[in-house]
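Computed from the coordinates by the stated procedures, all read-outs in this text should not be read as laboratory data. Here the structure is a predicted model, which means the values were calculated and not measured. Don't worry about glycine lacking a Cβ; one is built from the backbone with ideal geometry, like all the others, and counts go over all protein chains shown.
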Amino acid sequence: MGIQLIRDISDSSSYWGASWVFGCFPDIHIVCDAPIGCYNLLGMAVTNYTDALPHMANLTPTSIREEDVIQGTAKALIRTIDDLRSLGTLEGKRLVVVSTAESEMISADHGRLVAQIDPEARFFWSQSLEQDEWIGRDRALLFAWEEYGQPFVPPEAPPKAPNLVNIIGPSLGCFNAPADLYELRRLVEGIGGEVNLVYPYEGSVASTPRLADAAASVVMYHEFGAPLAQALGRPYLFAPFGVFGTTAFLRDLGRLIGAPEAQVEAFIAREKRTTLRPVWDLWRGPQSDWFATVDCAIVAGRSYVEGLRQFLGDELGMKVAWSSGRPRREDEPDNIEIRRRLHSKAPAFVFGSINEKIYLAEANARATHYIPATFPGPVVRRTTGTPFMGYAGAANIMQELVNRFYEMVFNFLPVDLVKPAGAPGGPAGPPPASVSAETIPWTKEAAERLNVAIEQVPFLARISASRSLRLAAEQAARARGSAQVTFDLVEAAIAQGE
């Protein structure tokens, strides 16, 4: 039996995914059957470092101790619930007890015990040891609907209004959720729709039956949320990316909610004159030639991978060198392969997590521009101004790319700023002699080494990089009194430029 090395795990377990969902509900209190210290990890530390979120006020651990492992964790659970009741924490709230990897390892199934303690309380076996966070989110969403929603909705109940739309998926721990949700809401309302319920982000136990009021749903992520939309028995669409993708989405949604075609087309036309104006201006400007000359790689959630591939590759004409989504498919590179590729030849742009940023730092790939596109990572995405989805997302990404293009060019400008001798930051001695206009021969090995080095530089900056390296190598040759540029001089020029 072979041992598989797993490097830098990108996904969390289903326990985390379920907690991110249940944690959105203000009228639920979560008791996680976990050892001492696990509360700090889930409730505070990781939550804060992923998106600067505050600690989860509606989550408490049972604080399993060594004697609880030997005697059983039932006493620890009862003790925790009694403490919460005495403090008044459970007043007006439903209780949900969630298993963790640690409690599952000792088979601490508290389904019957929880029902005895409180008939309205529920036990959620998270299957933390075998399922990832995406499955955990899906199971938690379905659990909430089946327990708190479906039993209170009359069978075959029609929607309350044809233009009501649910937005399903945004929850704690989702990258960029505030901005993408804001844009999605703006699009739905722009064509005459009305957002019925944002679930679970703005939902609750009390509001869960209202999911049945909507005529259609928009599932924000491909990774999870679709099973709940299917269980509602209403048509649904996935949130859009890019210009063409968003236009098609608006027309499809308009048909689902019965919005007049003229109203939908009027909104699209207005968006082209306003929100999308930066896209047109940058696309028609001198920057338009750059997009086809650079490549990128994408490591993100499944929605972001598919959406960015569509917008960057199909719409802007950039070369998507490779991508890897979450959850990962078998034909996509894992973290070990991603690291190898970034060390071998990093593309001009990498959309990814802190893992990819670390790999780029290891490879000293300073010519590559890293753009956060997923967790984990110490990056804050709490405002509404940084969407990736919709028309505003296309404008935001275009703006981000062009700014990085300018930065890329600036970093490779062949400009020598020589300060006077003795000036702060300037050379201690006399200024260097001027460069001779005479050409100097190159050995075959030196020329080949230069070509290999230039191949590693993004296409946009190759002319400037080639000139800078040539100049540095020839200056070094003259300084040594060498009659030609040799392999070792090129190596030294490359090392000095890194």
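If one computes the Cα centroid of the range 190-237 and of the range 301-332, what distance in Å separates the two points?
The distance from the Cα centre of the range 190-237 to that of the range 301-332 comes to 26 Å.
List the GluC sites (Glu not before Pro) in the range 299-376 that DSSP assigns to loop (not H, G, I, E or B) and whose Cβ has at most 13 other Cβ atoms within 10 Å. Which are they?
Counting only loop positions with at most 13 other Cβ atoms within 10 Å, the GluC sites (Glu not before Pro) in the range 299-376 are 330.
Given the pairs 272/319; 357/444; 319/444, which are separated by over 28 angstrom at their Cα positions?
Check vs 28 Å cut-off fails for 357/444; 319/444.
Using only DSSP helix segments of four residues or longer, with each worth -39500 (n - 2.57), what per-residue ellipticity at 222 nm results for the chain after dividing by its residue count and rounding to 500?
-12500 deg cm²/dmol
Can you list the HN-Hα couplings for the range 72-78, worked out from phi with the Karplus curve (6.51, -1.76, 1.60; θ = phi - 60°), rounded to whole Hz and with x for Gly and Pro?
3J(HN,Hα) across the range 72-78, in whole Hz: x, 8, 4, 5, 5, 5, 4.
Between 0 and 90 degrees, rounded to the nearest ten: what's the tilt of helix 133-148 against the longest Cα principal axis of the chain?
That helix lies at roughly 30 degrees to the long axis.
Ranked from highest to lowest mean number of other Cβ atoms within 10 Å per residue, what is the order of the peptides 197-205, 377-385? Mind showing how you got there, number by number?
Numbers: 197-205: 21.9, 377-385: 14.9.
My ranking of the peptides, most packed first, is 197-205, 377-385.
Taking a cut-off of 29 Å between Cα atoms, list the lysines near residue 160, but don't count ones fewer than 8 places away on the same chain.
Of all the lysines, those that pass the test against residue 160 - Cα under 29 Å, at least 8 places apart if same chain - are 93.
State whether the range 221-297 is rounded, prolate or oblate according to the following rule on the C-alpha gyration tensor (a ≥ b ≥ c being the square roots of its eigenvalues): a/c under 1.5 gives rounded; otherwise a/b larger than b/c gives prolate, and the remaining case gives oblate. Before the final figure, lay out each step's value.
On the way: a/c = 4.49, a/b = 1.50, b/c = 3.00.
Since a/c reaches 1.5 but b/c is at least a/b, the shape of the range 221-297 is classed as oblate.
I want the antiparallel fraction of DSSP beta bridges within the chain, as a percent rounded to 5.
Around 0 percent antiparallel, to the nearest 5.
Add +1 for every Lys or Arg and -1 for every Asp or Glu among the other residues with Cβ under 11 Å from the Cβ of residue 161, and state the total. Let's see the in-between values first.
Values: positive: 160; negative: 194, 213.
Overall, the nearby charge balance is -1.
If I take every Cα pair under 8 Å that is 6 or more residues apart in the chain, average their sequence separation and divide by the length, what percent do I get for the relative contact order?
14
For residue 130 and residue 231 in the same chain, what is the full-extension length gain: residue separation times 0.36 nm, less their Cα-Cα distance, in nm?
Stretched out fully, the residue 130 to residue 231 stretch lengthens by 34.0 nm.
Return the percentage of antiparallel bridges among DSSP beta bridges fully within the range 287-419, rounded to the nearest 5 %.
Close to 0 percent.
Using θ = phi - 60° and the Karplus curve 6.51 cos²θ - 1.76 cosθ + 1.60, what whole-Hz ³J(HN,Hα) does each residue of the range 59-67 get, with Gly and Pro shown as x?
For the range 59-67, the Karplus curve yields 9, 9, x, 7, 6, 4, 10, 4, 5 Hz.
Amide H of residue 59: which non-local residues (sequence gap of 5 or more, or other chain) have their own amide H closer than 5 Å, using H built in the peptide plane?
Excluding prolines and chain starts, which carry no amide H, the hits are 30.
Show the residues, 5+ positions off or on another chain, whose built amide H is closer than 5 Å to the amide H of residue 236.
The list, which skips near neighbours in sequence, is 217.
How much of the DSSP beta bridge set in the range 151-411 is antiparallel, as a percent to the nearest 5? Mind dumping the intermediate values first?
On the way: 0 of 26 bridges.
Beta bridges within the range 151-411, antiparallel portion: roughly 0 percent.
Whole-Hz ³J(HN,Hα) for each residue in the range 440-452, computed from phi via Karplus 6.51 cos²θ - 1.76 cosθ + 1.60 with θ = phi - 60°, x for glycine and proline: what do you get?
3J(HN,Hα) across the range 440-452, in whole Hz: 10, x, 10, 6, 4, 5, 5, 5, 5, 5, 5, 4, 5.
Can you find, among 268, 170, 389, the residue sitting farthest towards the positive end of the charge dipole of the chain, where Lys and Arg contribute +1 and Asp and Glu -1 at Cβ?
268
In the range 63-119, what GluC sites (Glu not before Pro) fall in a loop by DSSP, with at most 16 other Cβ atoms inside 10 Å? Mind showing how you got there, number by number?
Values: sites: 66, 67, 91, 102, 104; in loops: 91.
Counting only loop positions with at most 16 other Cβ atoms within 10 Å, the GluC sites (Glu not before Pro) in the range 63-119 are 91.
Enumerate the amide H contacts of residue 352 below 5 Å, restricted to partners 5 or more residues apart or on another chain; note that Pro and chain-start residues carry no placed amide H.
Those lying under 5 Å, H to H, from residue 352 are 299, 371, 373, 374.
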